[in-house]
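Trainee: Below: one structure in C-alpha cells.
The values are calculated or read from the model by the stated rules, or taken from the named source; none is laboratory data. What you see is a predicted model; the values in this text were computed from it and never measured. Cβ atoms come from the backbone with ideal geometry, glycine included; neighbour counts cover every protein chain shown.
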Amino acid sequence: MIVLPRRVLLRGIAGLGLGARMAQAGPGHDPFGPVAPPQAAPSLWLLRDDGRQIELRRHLTGNVTAVQLMFTRCTATCPIQGALFGSIARRVRAQEVQLLSLSIDPPSDTPAALRAWLARFSAPAHWRAAAPRSEEVDRLFEFVRGRASGADQHTTQVYLFDRQARFVFRTASMPSAGHVADVCAQIAAARG
Amino acid sequence: MLLVAAAWGAMACSESRSQAMGRKLFEGQLPLVARLAGDDMLLPPEASRCANCHLLAAAGGPADASGTATFGPPLTAVGLAQPQRRRGGPRSRYSVETFCTVLRSGVDPAHILVERAMPRYQIDNEGCQALWRHLTGLR
C-alpha cells in the first residue's frame, strides 16, 4: 500500500481548491483520496461503444469524468459496478459530469458488447463505454494502479478526472454513489 | 409406526424444500434484495446473486482469469463450519445465526466487517436458513 505523506495530500487538496469534505474519502483500505499532483491522462486510443476511435485525453477533456475498470464477461463485481455507475449517473449533472466504463478485455469487448453492457444498466447518454487497444491495457492499469489479484483482475475503485483530462482523485473500493457524485461536483466547482 | 414414518417423511420433504429454496436463492433463480453498505441504492437481482462471486466463473474473464478462482471465498460446509482465520482475525466458524448476521450486516463471526463488494442483504430468517442448509448440506 502506498501512503502519501499528509503534507502532500493536503497540498494536493489545497491546490485543487477542493473542500475538506473531499479528504474524507469513503471507507476502505485501498490507497484513495486526491492524486497529488494531478496527472495528465496517458495518450491511449480507445474504441468506444459507438464504434468511434478516440484518444482517451480527448474523450476526457471538457467534462469531469468518473472512470471505472470493468469487462463485460465479468460476473462477480462488474454487475455491482454497473449498478453503482447507474446510480452515480442519476445523481450527477449531465452537463458537467460524464461516466466512462473502460474495459480491460479488448478482444471480447467490441463496441456491440459495450453497447449491450450499457443497455443492461439503462445507461443515459453521459455514460459511455470503451476499450483500449490490447497492447495498451497494461499502461492503463499502471496509470490508475488498477490491477488487483483475484478472478476480476481489476479494482472496484472509481477514478476521477477534471475537465483538463487530469487524474485528480481515486476513491476507495466500491464507493457509495453519493460520495462519488459529491466529489465530482466539487471537482466541477473547482473549475479544474 | 406408520405415523412416525409418515411424520419423518413429511419433515424430510419439508427440509428438502428449504434446501431447494436455498439453492435457488444462491443461484439467483429467486431474487435477493440487497444494497451496498452505506448506500440506499437497491442492487438489481443480477448483481446480488451469491453465485456471482462464490462459484467458479463459468464465462471467465480476460487472460488467465477463466475458471481459476472465485472472487469471494468458496462457500462450502467445511469452509463455513470449521474454525479458521478469516480476514486476519481470530479463528472463527459460522453458525446459522452468524451466517444470517454476515448476510444482513457484513459482520463476520469474528466481528470483522467484510469488504464493501459484499452486498448487505435484506433477507428473512427463512431465506438465510435455507441458504445455510443448501451450502452446508444440512437437511
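Trainee: Being surrounded by 13 or more Cβ atoms within 10 Å (Cβ to Cβ), of a type in the set (A, V, I, L, M), in contact with a strand residue (DSSP E or B) (Cβ under 7 Å, 6 or more places away or on another chain) and under 16 Å from residue B:54 (Cα atoms) is true for just one of B:103, B:135, B:131. Which residue is that? Please lay out each step first, then the result.
Mentor: Working: B:135 fails: in contact with a strand residue (DSSP E or B) (Cβ under 7 Å, 6 or more places away or on another chain); B:131 fails: in contact with a strand residue (DSSP E or B) (Cβ under 7 Å, 6 or more places away or on another chain).
After ruling out the rest, the residue left standing is B:103.
Trainee: Separate question: Which ones in region A:86-112 are within 21 Å of residue A:55 (Cβ to Cβ) and among the hydrophobic types (A, V, I, L, M, F, W, C)?
Mentor: Hits for region A:86-112 are A:97, A:99, A:100, A:102, A:104.
Trainee: Checking residue A:122 against (1) within 14 Å of chain B (Cβ to nearest Cβ); (2) in a loop (DSSP other than H, G, I, E, B); (3) touching a residue at least 24 places away in the same chain (Cβ under 8 Å); (4) at negative phi, which test does it fail?
Mentor: With (1) within 14 Å of chain B (Cβ to nearest Cβ); (2) in a loop (DSSP other than H, G, I, E, B); (3) touching a residue at least 24 places away in the same chain (Cβ under 8 Å); (4) at negative phi applied to residue A:122, the lone miss is (4).
Trainee: Right, another one. Looking only at residues in region A:147-164 that are among the small types (Gly, Ala, Ser) and surrounded by fewer than 21 Cβ atoms within 10 Å (Cβ to Cβ), which one is nearest to the other protein chains (Cβ to nearest Cβ)?
Mentor: Residues of region A:147-164 that are among the small types (Gly, Ala, Ser), as a first pass: A:148-151.
Retained after the next criterion (residues that are surrounded by fewer than 21 Cβ atoms within 10 Å (Cβ to Cβ)): A:148-150.
Working: A:148: 10, A:149: 9, A:150: 6 Å.
Looking at the filtered set, the residue picked out is A:150.
Trainee: Which one of A:137, A:158, A:183 is of a type in the set (A, V, I, L, M), within 28 Å of residue A:51 (Cα to Cα) and touching a helix residue (DSSP H, G or I) at 6+ places or on another chain (Cβ under 8 Å)?
Mentor: Details: A:137 fails: touching a helix residue (DSSP H, G or I) at 6+ places or on another chain (Cβ under 8 Å); A:183 fails: within 28 Å of residue A:51 (Cα to Cα).
That would be A:158, the only listed residue that is of a type in the set (A, V, I, L, M), within 28 Å of residue A:51 (Cα to Cα) and touching a helix residue (DSSP H, G or I) at 6+ places or on another chain (Cβ under 8 Å).
Trainee: One residue is enough: does region A:166-187 have a residue meeting the conditions free of Cβ contacts under 8 Å to residues at least 24 places away in the same chain and among the small types (Gly, Ala, Ser)?
Mentor: The first filter runs over region A:166-187 and keeps only residues free of Cβ contacts under 8 Å to residues at least 24 places away in the same chain, leaving none.
So far as region A:166-187 goes, no, none of its residues is free of Cβ contacts under 8 Å to residues at least 24 places away in the same chain and among the small types (Gly, Ala, Ser).
Trainee: Under the condition of being modelled with pLDDT of 80 or more and more than 16 Å from the chain's Cα centre (by Cα), which residue from region B:52-84 is farthest from residue B:136 (Cα to Cα)?
Mentor: Only one residue fits best here, namely B:84.
Trainee: Mind listing whichever residues of region A:56-108 are at the interface with chain B (Cβ under 9 Å from one of its Cβ atoms) and in a loop (DSSP other than H, G, I, E, B)?
Mentor: Those that are at the interface with chain B (Cβ under 9 Å from one of its Cβ atoms) and in a loop (DSSP other than H, G, I, E, B): A:71, A:73, A:74, A:75, A:76, A:77, A:104, A:105, A:106, A:107, A:108.
Trainee: A follow-up question, please. Would you check if residue A:149 is in a loop (DSSP other than H, G, I, E, B), without any contact (Cβ under 8 Å) to a residue 24 or more places away in the chain and within 26 Å of residue B:34 (Cβ to Cβ)?
Mentor: Numbers: in a loop (DSSP other than H, G, I, E, B): yes; without any contact (Cβ under 8 Å) to a residue 24 or more places away in the chain: yes; within 26 Å of residue B:34 (Cβ to Cβ): yes.
The answer is yes for residue A:149.
Trainee: Shifting gears a bit: Within region A:165-179, which residues are in a loop (DSSP other than H, G, I, E, B) and more than 14 Å from every other protein chain (Cβ to nearest Cβ)?
Mentor: First pass over region A:165-179, keeping only residues in a loop (DSSP other than H, G, I, E, B): A:165, A:171-176.
Once the filter is applied, which keeps residues that are in a loop (DSSP other than H, G, I, E, B) and more than 14 Å from every other protein chain (Cβ to nearest Cβ), region A:165-179 yields only A:165.
Trainee: Then there is this: If a residue must be touching a helix residue (DSSP H, G or I) at 6+ places or on another chain (Cβ under 6 Å) and in contact (Cβ under 8 Å) with a residue 12 or more places away in the chain, how many such residues does region B:31-58 contain?
Mentor: Looking only at that region, the number is 8.
Trainee: Go through the residues of region A:126-144 one by one and say whether even a single one is within 14 Å of chain B (Cβ to nearest Cβ), more than 13 Å from the chain's Cα centre (by Cα), assigned to a loop (DSSP other than H, G, I, E, B) and modelled with pLDDT under 95.
Mentor: no
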